[in-house]
Amino acid sequence: MAECFSGRDNSLGVIRLTLASAVVVSHASVLGFGDSEFGHYFSHGQTDLGKMSVYGFFVLSGILVTRSGKRLSLGRFLWHRGLRLLPGLWVCLAVTAFVVAPFLYWRQQGGLDGFWGHDRGPIDYLASNWAVAPRQNDVSGVVAAAGDSGLAHSPSIDAALWSLRYEVLCYFGVALLALTGVLARARRVVLLVVAVLGWLILRDAVHTRFWAGFGDSTYHGAIEFFEVTGKFDPDVVLYLGFAFALGTLIECYRERIPVSDVLGVASGLVLLGSLHFGYLFVVGLPAFAYLLLWLAIRLPAPFRRIGARHDYSYGIYIYGFVVQQSLVALGLARWGFWPYLAMSLAGALAAAVLSWHLVERPAMRLKDLGSARKTGSGAAGAAVTASRPAAGPDTGAAPGVNTGELPPTAAGPLADEGVPVSSAGHLEGVSGPGAR
């Protein structure tokens, strides 16, 4: 891997776009029609297309964010992560609160009387959600009104934002590993972390081979560090953290990981087998991690040009749910699944293009502000790694996202017909970097 995955000549861009688009596809069935997401029945309830995309984002994020942590100083590492994640998010919140929601309210009510003074209005939406932890799901009741009309099947206007807090938590984990010198001098600690997380997941899986990940996990009980960050579910931290840690492990042992076509095909077969026959998180998730790496290296050259210069995956992630909920509130899902899906993908891509060119890329131009050097000396003083080129743009990775990157599932309270809300406020049945 160290030889084949050290530069920008890879297919990470197209993989991230595919994962982000897969979330939109998966959400289309539940948001537009109240059905189960694709893959739910094939996997016997273990996961679905949207959730698998989220796990994929966290794996990729683990690789790229760890690489960033190895070559940057701590301050610049956090600065880069913040620039990649926050400007796009804040503008998305503002567009949702002051453009999308007023339009939907006007269509529903025939005017804006009561919109601005609503007890859960646009200002409250911004104040509650700016800190990468959505604590208000609706704006002036526009989604609730659509639900009352039998149109909406989710209570949140942008449930895709909930996983960002877990992504950020993983960033701080990498920062801690870099600060303590683990990434540079004690990488066996990473191996130990992965082993412990894997053992906890295995302990869950021995009860049933069709364990549904953090949806069924027994590690419940939310933890709230600060009010603005919202509550963290230990079970979600465990399963998404395991995916992220697999990526960190891959990056730390890059010179020992073979790039094998046999292993690539085998990992795909193991993933499919575990999806259908059980034990997905024990054997399927590690296989998925290797499969993504293998595809990034082995996909034909034309795929490497897709997303190489412009990364729209994060925009698709944060805007896709808003677009789909807007289409639902306008009654356009009644046209049928395929027209609704086409409009969802087109709308999400259009929003992502604007977000990238007007917000995300301009913000990333500030990443070297105040520094005469383009790269730091390494968070742990690892001078050797500082000279290594990054695997693609310094986007970070995750939720369809990259450096905030996907990035990678979510929903929020306000129960609707037949769709229970978990203790974490996540809408059961909605996945992806937007919902679980």
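The values are calculated or read from the model by the stated rules, or taken from the named source; none is laboratory data. This structure is a prediction, so every number in the text was calculated from the model and none was measured. Positions of Cβ are backbone-derived with ideal geometry, glycine not excepted, and every protein chain shown enters the neighbour counts. Heavy atoms of the whole protein, side chains included, go into the accessibility calculation; ligands, DNA and RNA do not. Shrake-Rupley method; radii C 1.70, N 1.55, O 1.52, S 1.80 Å.
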Checklist entry - Using a basic spin-label model with each label point 7 Å from the Cα along Cα→Cβ, how many nm lie between ASP9 and VAL189? => result 3.5 nm
Checklist entry - Roughly speaking, to the nearest percent, how much of segment 72-114's 1.4 Å accessible area is carbon and sulfur? => result 68 percent
Checklist outcome for this item: Gyration tensor on Cα atoms of segment 1-139, a ≥ b ≥ c root eigenvalues, a/c under 1.5 rounded, else prolate if a/b beats b/c, else oblate, says oblate
Item to check | Cα-based shape type of segment 124-194, given that a ≥ b ≥ c are square roots of the gyration tensor eigenvalues and the cut on a/c is 1.5 | outcome: prolate
Checklist entry - With the other protein chains left in place, how much accessible area per residue, in square angstrom, belongs to segment 43-154 at a 1.4 angstrom probe? => result 34 Å²
Checklist outcome for this item: With no solvent term and unit scatterers on the alpha-carbon positions of segment 76-143, Debye gives log₁₀ I(q)/I(0) at q = 0.24 Å⁻¹ of -0.97
Checklist entry - Sorted by average packing, counted as other Cβ atoms within 10 angstrom per residue and highest first, what order do 346-358, 158-170, 66-78 take? => result 158-170, 66-78, 346-358
Checklist outcome for this item: Sorted by chain and number, the residues with a modelled amide H under 5 Å from that of PHE232, at a separation of 5 or more or across chains, are ILE223, GLU224, PHE225
Item to check | Accessible-area composition of segment 256-339, carbon plus sulfur, in percent [1.4 Å probe] | outcome: 71 percent
Checklist entry - Over the Cα atoms of segment 262-356, Rg to Rh with Kirkwood Rh, two decimal places? => result 1.11
Item to check | Highest to lowest packing among 80-91, 51-62, 293-304, 13-24, scored as the average C-beta count within 10 Å | outcome: 51-62, 13-24, 80-91, 293-304
Next on the checklist: Could you report segment 285-364's accessible area per residue, 1.4 Å probe, as an integer in Å²?
Outcome noted: 41 Å²
